[in-house]
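See structure below.
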Amino acid sequence: MFDAATAPLPPLVFTVAITGHRSIKADHAALHDRIVEVFARCAARLDEQRAANDLDAPRPVTRRFISGMAEGADQIGMRAAQASDGWSCEAILPFGREAFLRTFIDPVLGAATLDALITADTPVLELADWTWTGHADQDPDNEYWRARRYVTLGQMLVRQADLLIAVWNEKPPERRGGTAEVVVEARHAGVPVLWLHADTLAPRSIVPAATGLRNFTIGQPDAGSFPGEEDAIAAAVANCLLGGEAKRAAAVKAFLVDERVPRWQRRGGKQIIGTHSATYSLLLWLSLLGSGLRRWPFVPARRLPDPTWRPGWFARRWRFLVQEIGFFWDTKLGRAPGDSTPDDRPAIVAATAVDAPIAPFMARADAIATRLGHKYRSAYVGIFVLAGVAVALANLGLFVPYGEPWFVLGELGAIGLAIWQWMRLSGQRWLFWRGNNTHQRWLDARLVAESLRSTQFLSWIGFGGRRIVEEMAASDRPAIADDDSEAAAAARAEQAVSQGKPLWSPWVANAVAALTAMPTGEMTPGRIDTLARALGHIIEDQRAYHERNSERLEALHGRLDIFGLTAIAVAALVSLLFVLFSAKLWMSVGAYPMGDEPAAREAHEALHHISKFPAFFGSVGPAAAAALASIRYHGDYERFARRSEETTAALNQLGLRAEELAQRAGACSGAICDGSPPIFEDLLELMLDTQAVLDDDLLDWRFAYAARPMPLP
């Protein structure tokens, strides 16, 4: 077992939420006792499974319970959680407290009940941005938005929950936002549901089936024991564990524990996390020189000692470090590092403090992804350049005949260096040695970092938490044989176990995303105004990045194309000049210089020496053009430039929406906006749309680069 004090593992957070009918009596002792049993079984199962693997055993555990605090099942669940050892309780009110009490049968009794259940140390989030002004027969629009708020509450519970307890009578929903609709929402989100029948309390499990997240297995009730709930609890606990499967545990440990993030100190004292200088950065600078799209990319920096990994003498050496490496957590403040502090910084810091647990993990994942991305890009650039260098060295013997053996050795050295680079960074196994699989590690680390970027701003409004994870990516599944026999099925199953690549990065992202607690306090229009501006800063940061990226990659593609054409043009020009020179020489001699006359011999000797130039440039020019074309097409810069351009356009629209929403929220002067639609749902939709745009860009990037492993030399 490795040392938990030095392993950067996220704590383990297990969250249970509840939904149920409001008509259930508050003194339903049997339901209370039944839910207490569920909490005890969840805790026992979690402790048992944690102790079964070395990766999860050292992780500190937090067990949370979240309730919407409505009459009936919600309040019974809160009492049961408070009566259970080791469970912390949180509450979400769909309206401000006074407006929420108006939904109770007896508001006075409801106020006393809330005071008893929500203690001073209970985190509470009140969606106090809006309240209705009439009933359905008086104001249908207000009644619609009231129902929509209950839908939002159900979505928040599902987003936060690892296990949803549903006290449901199995009847279809009578109105929007009811128990049945929350159960459907959980099914679509892949959240295991423990269904207690509202009349009989018979337990049943609703969990995603092995055939896919959109298929479900519904366990049968058993009044005599607990098998009806075991599947739901087991699935919920398994979703929280990082080491539940051996291959996944090894991959997670390799990333969270073994993957190193060098720390550097620039001259002047500033410390950053980053990587060594990279061939790719130099290529960018040389290719974009004079365009204004790329500055000199290197700065001198000293690597700080890391006693767990590098010896001290190595750490003290000065090297050139690529600039702008590492994640800066100030993007939500609308400023770059070193800029002056904006006026709204204190308000944004206070309103977004809930995302603090994500920051160190996201910064680390971003630094790892950046370092591995530089290594991957530098490797394929180096491999293609070395191939061109090998051709050039092979042809230099034309000019120095006696040095030809040395040039051949140089050629072999260039080829060998390219092969060594490929073997070192690819994922192939060679006898007793295996490459470090830089390409796949880069893709996985970038997925973790970018997944947490969306979790960051969604956590501000209570929509953080785990996201759907499929057990095996479709691209990693083994091919299905045509044979439908049992033997073939068994062989395919064995192949899936032995050859399937572990899908681990979403599990790490989910483990970190679960660290964010519910935001607390009142979600007033003033707070929504602040959050909309903070989100606008992140959108603008991403928009500016994609705009620069589009311009830079488009220019890089164009310049590499020009350089390649120039190399071919130079080869063609040299060949043409040789033909013209030969023709002129032939005309001056009067015949093609093959005779024995002195003039013919001199002309023949001249042609022999000059012919080395078209031979050299005729081979080196196309080789250089081929190397540049390989770099261009392997990087697919034009495609990614178009993709960044599309993402920029989408982010432009989102930025305008964020600005408009901030203005709408600010117009309410911090008070509830009576007589107008709620604005929390607008903020939620804006955040989900922003997440969708960033996810689409990430998935497109992963799809493109997954098909581009380390190229052969």
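Please sort 613-619, 239-245 by packing, taking for each peptide the average over its residues of neighbouring beta carbons within 10 angstrom, highest first.
Ranking, from highest mean packing down: 239-245, 613-619.
So, R0 is 25 Å and r is the distance between the beta-carbons of GLN265 and TRP420; what FRET efficiency does that work out to, to 0.05?
0.20
Rounded to the nearest 0.05, what FRET efficiency is calculated for GLU602 and THR566 with R0 set to 35 Å and r the Cβ-Cβ distance?
0.55
By how many nm would the segment from SER88 to ALA254 lengthen if fully extended, with 0.36 nm per residue of separation less the alpha-carbon distance?
Here the segment from SER88 to ALA254 would lengthen by 56.6 nm.
How far, in nm, would the chain grow between SER676 and THR520 when pulled straight, counting 0.36 nm per residue and subtracting the alpha carbon separation?
Length gained between SER676 and THR520: 53.7 nm.
Figure the gain on full extension for TYR545 and VAL349 (residue separation times 0.36 nm, minus the Cα-Cα span) and round it to one decimal in nm.
68.3 nm
For the residue pair ALA51 and ALA238, what label-to-label distance in nm results when each label sits 7 Å from Cα along the Cα-to-beta-carbon direction?
2.1
Using a Förster distance of 45 Å, how high is the FRET efficiency between ARG295 and GLU37, based on the Cβ-Cβ distance and rounded to 0.05?
Taking R0 as 45 Å, the efficiency between ARG295 and GLU37 is 0.10.
In nm, to one decimal, how far is the PHE581 label point from the TRP285 one, both placed 7 Å along Cα→Cβ?
So the label points at PHE581 and TRP285 sit 3.7 nm apart.
Computed from the coordinates by the stated procedures, all read-outs in this text should not be read as laboratory data. Note that this is a predicted model, so its numbers are computed, not measured. Neighbour counts are summed over all protein chains in view; Cβ atoms, including those assigned to glycine, are modelled from backbone coordinates with ideal geometry.
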